[in-house]
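Worksheet: one structure, shown below.
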Ligand code: ASP
Ligand code: MG
């Protein structure tokens, strides 16, 4: 049986016309001889009736402090509604289908509500449905604990459901249908000449996602990488080829493409701590252990005897501010920075990438406050007002528009 997984995002399901297009993609797969398993997200965005953020708002209007267990139970409803709506649309088109919750699809997790880890998948019902010639339509983003509690997998977690189900049933590939035509060299809202990439590696797509690009949940790409299942990212609204994510092509990529894409993260806060005694590193040591105790991760760390600086995710701003105040650190918090990153599997061991970055930013008189790098990514901290200019300069120096 040639099984595949087709996942449809919330912006592909929030109108009757769009759902007709979704049905066309499922029909096409069936005609080509595949057995599709469908995974869906909650319909639409904040303000639309069944979107995840709308559901959260419904409860927080009554009680701001809803507990995580009930919040998960509430959020899981959005995806369940999608399954039922899509099943009715499929049946109208003459395709037999069955709606399944994450629990019914056999996705077992731990009890970390809001960010649950998948422990095991028992896809018996999914496989049985396929054998009966019906299409399983599974609610993404959710699972169940061994003792029956409903959990969610973290925001954007429907992609994770698609990958984990694909792994469990031995799918040939995963298709992620969305409102963009594929993975792009940059955010087209900021870089006009951004292009769709025809092939990227799992690592590259994970890095792009970590560094701010909203293409696919990195966890979904990691699972697919481990299981060697190719992913195709495509638009629901046309028949374009989209982007293929796999680990082949790497040699070819290395040869002709040091950089794959540029991206940026705005949701960061820059913190600088000035120690009482400038020759001691004790301040840095203390602050990092305090943050670790509070489960706060730091990035862009720079420890010098006269100052320790780093960035945190802006969701932790208040918490970190309180910790630093409580311990009487002499510090500054700034919100006017952005992390701009250049990503490419082909840059590993290749000289001159950093030189080009500095050249491009210098030419535009964009000051670099700090840098970090890994095998596949180089990031620079720049002023937020320079974000667009920086992305465009980097995009063109690496000829990503060609
Ligand atoms: N509906 C969930 C969210 O908004 C999961 C997803 O869309 O992937 O985060
Ligand atoms: Mg999503």
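The table that follows gives values for the structure above.
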| quantity | calculated |
| --- | --- |
| Odd one out for residue 66, checked against (1) more than 13 Å from ligand 1 (Cβ to nearest atom); (2) at pLDDT 95 or above | (2) |
| Where residue 272 falls short, out of the listed (1) surrounded by 19 or more Cβ atoms within 10 Å (Cβ to Cβ); (2) more than 27 Å from the chain's Cα centre (by Cα) | (1) |
| Hey, residue 159 modelled with pLDDT under 95, within 13 Å of ligand 2 (Cβ to nearest atom), within 18 Å of the chain's Cα centre (by Cα) and within 30 Å of residue 127 (Cα to Cα) or not | no |
| Verdict on residue 55 being farther than 17 Å from residue 129 by Cα, within 16 Å of ligand 2 (Cβ to nearest atom), assigned to a helix (DSSP H, G or I) and free of Cβ contacts under 8 Å to residues at least 40 places away in the same chain | yes |
| Selection count where residues are part of a strand (DSSP E or B) and either on the phi > 0 side of the Ramachandran plot or in contact (Cβ under 8 Å) with a residue 60 or more places away in the chain (or both), scope the range 164-207 | 8 |
| Residues being away from ligand 2 (no atom under 16 Å from the Cβ) and either in contact with a strand residue (DSSP E or B) (Cβ under 8 Å, 6 or more places away or on another chain) or within 14 Å of residue 171 (Cα to Cα) (or both) - total across the range 1-37 | 13 |
| Qualifying residues in the range 94-119 (those that are assigned to a strand (DSSP E or B) and in contact with a helix residue (DSSP H, G or I) (Cβ under 9 Å, 6 or more places away or on another chain)) - the one nearest to residue 24 (Cα to Cα) | 97 |
| Residue in the range 365-373 that is part of a strand (DSSP E or B), under 23 Å from residue 209 (Cα atoms) and in contact with a helix residue (DSSP H, G or I) (Cβ under 9 Å, 6 or more places away or on another chain) present | yes |
| Residues satisfying the stated conditions in the range 170-184, i.e. away from ligand 2 (no atom under 16 Å from the Cβ) and in contact with a helix residue (DSSP H, G or I) (Cβ under 7 Å, 6 or more places away or on another chain) | none |
| Number of positions in the range 208-252 that are within 14 Å of ligand 2 (Cβ to nearest atom) and at positive phi | 0 |
| Subset tally (residues that are part of a helix (DSSP H, G or I) and within 30 Å of residue 30 (Cα to Cα)) for the range 58-93 | 17 |
| Those residues of the range 313-332 which are assigned to a strand (DSSP E or B) and touching a helix residue (DSSP H, G or I) at 6+ places or on another chain (Cβ under 6 Å), in sequence order | 331 |
| Count of residues meeting criterion [buried (at least 24 other Cβ atoms within 10 Å of the Cβ), within 14 Å of ligand 1 (Cβ to nearest atom) and more than 21 Å from residue 230 (Cβ to Cβ)] in the range 110-165 | 8 |
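Results for (1) free of Cβ contacts under 8 Å to residues at least 60 places away in the same chain; (2) more than 11 Å from ligand 1 (Cβ to nearest atom); (3) within 21 Å of the chain's Cα centre (by Cα); (4) surrounded by 20 or more Cβ atoms within 10 Å (Cβ to Cβ), shown as yes or no for each residue.
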position	(1), (2), (3), (4)
9	no, no, yes, yes
22	no, yes, no, yes
39	no, no, yes, yes
60	yes, yes, no, no
72	no, yes, yes, yes
83	yes, yes, no, yes
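The values are calculated or read from the model by the stated rules, or taken from the named source; none is laboratory data. Since this is a predicted model, take the numbers as computed values, not measurements. Neighbour counts run over all protein chains shown; Cβ positions are idealised from the backbone, glycine included.
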